[in-house]
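Written below as structure tokens is the structure these notes are about.
The values are calculated or read from the model by the stated rules, or taken from the named source; none is laboratory data. The structure displayed is predicted, hence computed values, not measured ones. A quick note on method: Cβ atoms are made from the backbone with ideal geometry, for glycine too, and the neighbour counts reach across all protein chains shown.
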Amino acid sequence: MKPIRILLASMPAMLTEMIAQIIAREPEFVVVGAIAECSDLTSAVRRSHADLVIVGQLSLAEANVPAVLSSSYPAKILTITENGQCATLNELRPHREMLVDISAASLVAAIRTAIGPRESKPALQ
């Protein structure tokens, strides 16, 4: 099964590390990078081929969300508050879902829900 590729962007170091540890425990997830600022988010998504971006909510204003969601390699965006207690999933469709009381289990469930079922593809030899 192809892993879900996750890019971490513009969050406090402690929150980034906590989320990276949660993601590392899940075999179908892989962190493909972490960036300090959102000013180059669209390019970072293209370079990393991320399926999902987890970004600090306070930095969302500097991210060009429509460009990321509609780019040639579109990714979904999960914004998370700086204290890690609340998150919002952004997709390129008329849908927005608020997530409260974020725990490791609910973060993992939100990522799985955001990306949906993955196709199992044969390994290249």
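Check the stretch 43-55 and report whether any residue there is under 23 Å from M98 (Cα atoms), in a helix (DSSP H, G or I) and hydroxyl-bearing (S, T, Y). Checked the stretch 43-55: no residue is under 23 Å from M98 (Cα atoms), in a helix (DSSP H, G or I) and hydroxyl-bearing (S, T, Y). Selection of the stretch 42-58 for residues being at negative phi and surrounded by fewer than 19 Cβ atoms within 10 Å (Cβ to Cβ) yields S43, R46, R47, Q57, L58. Out of contact with any helix residue (DSSP H, G or I) (no Cβ under 8 Å at 6 or more places or on another chain) and modelled with pLDDT under 65 - does that describe any residue in the stretch 70-92? Checked against the condition, which is being out of contact with any helix residue (DSSP H, G or I) (no Cβ under 8 Å at 6 or more places or on another chain) and modelled with pLDDT under 65, the stretch 70-92 yields no hits at all. Evaluate the following for S39: is it assigned to a loop (DSSP other than H, G, I, E, B) and either surrounded by 21 or more Cβ atoms within 10 Å (Cβ to Cβ) or free of Cβ contacts under 8 Å to residues at least 60 places away in the same chain (or both)? So S39 passes the test. Taken over the stretch 1-21, the residue count meeting the criterion of being farther than 16 Å from A50 by Cβ, in contact (Cβ under 8 Å) with a residue 24 or more places away in the chain and surrounded by fewer than 17 Cβ atoms within 10 Å (Cβ to Cβ) is 3.
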